[in-house]
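The values are calculated or read from the model by the stated rules, or taken from the named source; none is laboratory data. Bear in mind the structure is a predicted one, so any value in this text is a computation, not a measurement. Neighbour counts run over all protein chains shown; Cβ positions are idealised from the backbone, glycine included. Calculation scope for accessible area: heavy atoms of the full protein, side chains included, ligands and nucleic acids excluded. Shrake-Rupley method; radii C 1.70, N 1.55, O 1.52, S 1.80 Å.
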Amino acid sequence: MQNELLTAALAAMKNAHAPYSNFKVGAAVLDADGNIHSGCNVENAAYPEGLCAEAAAIAALVTAGKKEIMQVCIVGESGKNIPPCGGCRQKINEFATPETPIFVCGPEGLLQKFLLKDLLPYSFDRKHLEEAE
Ligand code: THU
């Protein structure tokens, strides 16, 4: 994992809006051109409206006109190993490949490397829509 990916995720994490869980998360994705897009979790007083850090990073990627995720870095302030939630696995899957690495980090550095295929086996994607025709 590039150091810059964790640096970007950490910077995003510091801006997390997590007054309800007090669980700040940052995420960064590396695109196919080597650019990094980051995001943080954004909670809401209406709890289900909260946004995960990965979703925010993916929104930044797409906003920048990019559609490919080469690497993902997720960092939690707690230092715990926090693999992406189920919904975020699906969101990553939209722009990644089964071999895309997902680096789960604490503020001090890498805790565990996953591959998307191990976090989201038998995933639903666009080819299932094509096959339905
Ligand atoms: N959270 C993330 O941002 N990403 C994850 O992968 C797991 C959970 C956030 C959502 C919520 O704001 C807080 O962490 C506690 O669940």
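Sequence-distant or interchain residues sharing an amide H contact under 5 Å with residue 71, placed H: which?
Under 5 Å from the amide H of residue 71 lie the amide H atoms of 30, each far enough along the sequence or on another chain.
Given +1 on the Cβ of Lys and Arg, -1 on the Cβ of Asp and Glu, and no further charges, what dipole in debye does the chain carry about its Cα centre, rounded to the nearest 20?
300
On a 0 to 90 degree scale, rounded to 10, what angle separates helix 53-63 from the longest Cα axis of the chain?
Its long axis makes an angle of about 60 degrees.
Give me the one-decimal nm value for the distance between modelled label points at residue 17 and residue 97, 7 Å along each residue's Cα-to-Cβ direction.
Label at residue 17, label at residue 97, 3.7 nm between them.
Against the longest principal axis of the chain, how steep is helix 3-14, in degrees 0 to 90 to the nearest 10, with axes from Cα atoms?
It works out to around 60 degrees.
How large, in percent, is the carbon and sulfur part of the accessible surface of the chain at a probe radius of 1.4 Å?
Values: 3870 of 7350 Å².
The C+S portion of the solvent-accessible surface of the chain is 53 percent.
Calculate for the chain the 222 nm mean residue ellipticity that helices alone would give, adding -39,500 (n - 2.57) per DSSP H run of length 4 or more and normalising by residue count, nearest 500 deg cm²/dmol. Kindly include the intermediate steps, with their values, before the conclusion.
On the way: 5 runs with 41 residues, N = 133.
It comes out at -8500 deg cm²/dmol, rounded to the nearest 500.
Which length gain, in nm to one decimal place, applies between residue 125 and residue 35 when the Cα-Cα distance is subtracted from 0.36 nm times their residue separation?
The residue 125-residue 35 span can extend by a further 29.9 nm.
To the nearest 10 Å², what's residue 110's accessible area with a 1.4 Å probe?
100
At 1.306 mPa s and 10 °C, plugging the Kirkwood radius over alpha-carbon pairs of the chain into Stokes-Einstein gives what diffusion coefficient in µm²/s?
Roughly 108 µm²/s, to the nearest whole number.
At 1.4 Å probe size, with every protein chain present, just tell me what the per residue accessible area of the chain comes to in Å².
55
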